[in-house]
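Novice: Here it is, the structure, as structure tokens.
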Amino acid sequence: MKKLIVGGLVLALATPAVADNDWTGFYGGAQLGYGDVTTDGAADLDGDGIIGGFHLGYDFDFGQYVLGGGLDYDFANIELDNDAETIEGVLRLRARGGIELGQGLLYATGGWAQASADNLDNDDGYFIGAGYEQIIGSNLSVGGEVLYHEFDDFDDSDIDIEATTLQARVSYRF
């Protein structure tokens, strides 16, 4: 009988935690991962390396669906073929929308991106991608995402840049 009562209390206390999951609010955190860059046009270069940075955003929870937006920046040092050019960073302004899966969120994302390179000026492009985020504590979530970036005619150089990134993310939700 004692085990039944304790089991019932544990179940009663655990159930509201799952049911009360609300994605509405601000979040901020960091990401770390890998980037693969290729170019086409006036030069065919490629390179890969570690990227990482910080993100901020806000989500609205509409029941089973979540919509939000954010801003993030990744530092990079991706050398393209014999140090002909180095990608130094990517700034993104994003929208995201997804479906709640228990304590998780499966989402699609996309928006404006700006890349910086060492011998060229910053240039604008776009990105699209998908990710998954899991709440692991009252204010903490972890996840991962894959993004595809495209920058056409980077800094009027007749070089098109494509980049794919894969990152792990950790966020504190306010």
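All of the numbers you see were taken from the coordinates with simple rules; none came from a lab. Worth saying up front: this structure is predicted, and the values here are computed from it rather than measured. Cβ atoms come from the backbone with ideal geometry, glycine included; neighbour counts cover every protein chain shown.
Novice: Calculate the radius of gyration of the Cα atoms of the chain to one decimal place, then report Dmax, the largest Cα-Cα distance, as a whole number, both in Å.
Specialist: 20.0, 77
Novice: If you don't mind, there's one more thing I want to ask. From the helices alone, meaning DSSP H stretches of at least four residues, give me the mean residue ellipticity at 222 nm for the chain, per-run term -39500 (n - 2.57), in deg cm²/dmol to the nearest 500. Could you put the intermediate results ahead of the total?
Specialist: Working: 1 runs with 18 residues, N = 174.
Result for the chain, helices only: -3500 deg cm²/dmol.
Novice: With everything on Cα atoms, drop me the angle between helix 2-19 and the longest principal axis of the chain, reported from 0 to 90° to the nearest 10.
Specialist: 40
Novice: Normalised by the number of residues in the chain, what is the relative contact order in percent for Cα pairs under 8 Å and 6+ residues apart?
Specialist: 21
Novice: Provide the net charge surrounding residue 73, with neighbours chosen by a C-beta distance below 14 Å and charges set as Lys +1, Arg +1, Asp -1, Glu -1.
Specialist: Within the 14 Å Cβ shell, the charges total 0.
Novice: Can I ask one more? In a GNM of the chain with a 10 Å cut-off on Cα contacts, which of 76, 42, 117 has the highest mean-square fluctuation?
Specialist: 42
Novice: A further question on this structure: Where nothing but the Cβ of Lys and Arg (+1) and of Asp and Glu (-1) is charged, how large is the charge dipole of the range 88-174 around its Cα centre, in debye to the nearest 20? Present the calculation step by step, with values, prior to reporting the outcome.
Specialist: Working: 5 positive and 16 negative charges, 219 e Å.
My answer is approximately 1060 debye.
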